[in-house]
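The values are calculated or read from the model by the stated rules, or taken from the named source; none is laboratory data. Only a predicted model underlies this, so the values are computations on that prediction, with no experimental measurement involved. Note that each Cβ is placed from the backbone with ideal geometry, even for glycine, and that neighbours are counted across all protein chains shown.
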Amino acid sequence: MIFEVFVSLRYLLAKRRQTFISLITIISIAGVAVGVMALIVVLAVMNGFQQDLRNRILGVTSHIVVGTFTGNMSNYREIVDEVKKEPGVVASTPFIYTQVMISSGKNVSGAILRGIDPQTASSVTNIGENMIHNGKVENLSKPSEGEGAAVYSGIILGAQLANNLGLHEGDWITIISPVGRLTPMGQAPKSKLFHVIGIFQSGMYEYDNTLAYVDLTAAQQFLGISDTVTGVEVKLANIYKAREVADGLRARLGQPYWIRDWMQMNQSLFSALKLEKVVMFIILTLIVLVAAFNIVSSLIMLVMEKTRDIAILKAMGATTARIRKIFVLEGFLIGVSGTILGLLGGFGLCGLLKKYHFIELPPDVYYISTLPVQLEGLDVAVIAFAAILISLVATLYPSRQAAKLDPAEALRYE
């Protein structure tokens, strides 16, 4: 084996009579390197995008949602206690969900009003961590005094929603519900004045542009639904066991309750991301295949140039298998060299993207403002293995042709 390695290294590194052959070898190495680097960067971005999107979604929404087919839930306190008994559940909190209109006096915008329990909501979602300036979720339960000593409820707005309405902390807004009271003139919308006590920024444009939080009791009074809620949100110790915990909750609660986990609620989004990742891997692997064709042409031309050397080696006793190994090893070395350079380039570029964030994205299109990067060991291993395997496959035909060379024919006219 030492003999084959020595000869293949000599053929690879030695100065050749035909400079064109050396150029093809360099192009082959560069082609493999570019392909590997592109694969690493693209898959790292796809992984980062998927992980960042998942973290942002689960920072605002819960891991599992429990609701009822009969409408609003009146026995939500018992459900909260029952849910906590399920293994894997960390915390739970009731919530109210409805669509409203928000008026700041100058601008009007549609929004999603969520009634939450300020004492337990932060243990299920990251709303407390997403607050900017000096706002606090706990202040939702503290009434605010307006003109004439009137008492008003507080509200927390998404950063983009507040920006669209021209609002800041301390301002006053009017919430209008389309589900109002019945009057002699027909259905009249219900409205109420709220005090902006905080602004949150989750980093998800869709949430920051639509969500508004109020105290659970204030939402019940405003909507006129007495002591009922829309459902119960649940936080898990391990998000990847959401399906198992959801099945356990279905068995525990029974009818008429429904349970949906975060994978079900966002199935189409994450399925699309997974499919896109696979498609990008297949497409970018074509770059490595192009480099493999360069390896084939380089080795074929090398065999033609080294015909006399091969004949002499066979005449001196080198077996067909050893001649084949020489050229397989040379193709393997080209593939390994390109793969190593590609890995170094991919790691370097991913490090720059992760540190400096020099590629910015429109948040209203891509949900996030910067390009996330997340390298996974399994992806790197698959890319390196695929690149080296393709390089090895590319050596089969040239090495077979070199091994079949008849020394008598090759040396006849020398």
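Among residues that are buried (at least 21 other Cβ atoms within 10 Å of the Cβ) and touching a residue at least 60 places away in the same chain (Cβ under 8 Å), residue 291 is included. Taking the criterion of being more than 20 Å from residue 334 (Cα to Cα) and either under 43 Å from the mean Cα position of the chain (by Cα) or in contact (Cβ under 8 Å) with a residue 40 or more places away in the chain (or both), the residues of the stretch 296-309 that qualify are 307, 308.
For beta carbons closer than 7 Å, sequence separation of 6+ or different chains, a first residue in the stretch 133-146 that is of a type in the set (D, E, K, R) and outside any loop (DSSP other than H, G, I, E, B) and a second that is surrounded by fewer than 15 Cβ atoms within 10 Å (Cβ to Cβ) and at pLDDT below 75, the qualifying pairs are 145/151. Checked against (1) modelled with pLDDT under 90; (2) assigned to a helix (DSSP H, G or I); (3) buried (at least 16 other Cβ atoms within 10 Å of the Cβ), residue 80 passes all but condition (1). State all residues of the stretch 270-288 that are under 17 Å from residue 35 (Cβ atoms) and either surrounded by 15 or more Cβ atoms within 10 Å (Cβ to Cβ) or in contact with a Ser or Thr (Cβ under 7 Å, 6 or more places away or on another chain) (or both); if no residue qualifies, say none. Selection gives 277, 280, 281, 284, 285, 287, 288.
Restricting the stretch 379-414 to residues that are surrounded by fewer than 18 Cβ atoms within 10 Å (Cβ to Cβ) and either at positive phi or among the charged types (D, E, K, R) (or both) leaves a set whose member that is modelled with the highest pLDDT is 400. All of 371, 344, 353, 333 fail the test of being closer than 20 Å to residue 34 by Cβ and surrounded by fewer than 16 Cβ atoms within 10 Å (Cβ to Cβ), apart from 344.
Inside the stretch 110-130, residues that are in a strand (DSSP E or B) and surrounded by fewer than 18 Cβ atoms within 10 Å (Cβ to Cβ) make up a count of 2.
In the stretch 62-77, the qualifying residues are those that are crowded, with 21+ Cβ neighbours inside 10 Å and among the β-branched types (Val, Ile, Thr), and the one that is farthest from residue 200 (Cα to Cα) is 68. Residue by residue through the stretch 52-95, note down the ones that are touching a Lys or Arg at 6+ places or on another chain (Cβ under 7 Å) and of a type in the set (Phe, Trp, Tyr). Across the stretch 52-95, the qualifying residue is only 95. If you filter the stretch 219-254 down to residues that are out of contact with any strand residue (DSSP E or B) (no Cβ under 9 Å at 6 or more places or on another chain) and among the polar types (S, T, N, Q), you find that the one that is modelled with the lowest pLDDT is 226. The stretch 196-269 holds helices (runs of 4 or more DSSP H) entirely within its bounds, and those carrying 3 or more residues that are closer than 23 Å to residue 140 by Cα map to 205-208, 216-223.
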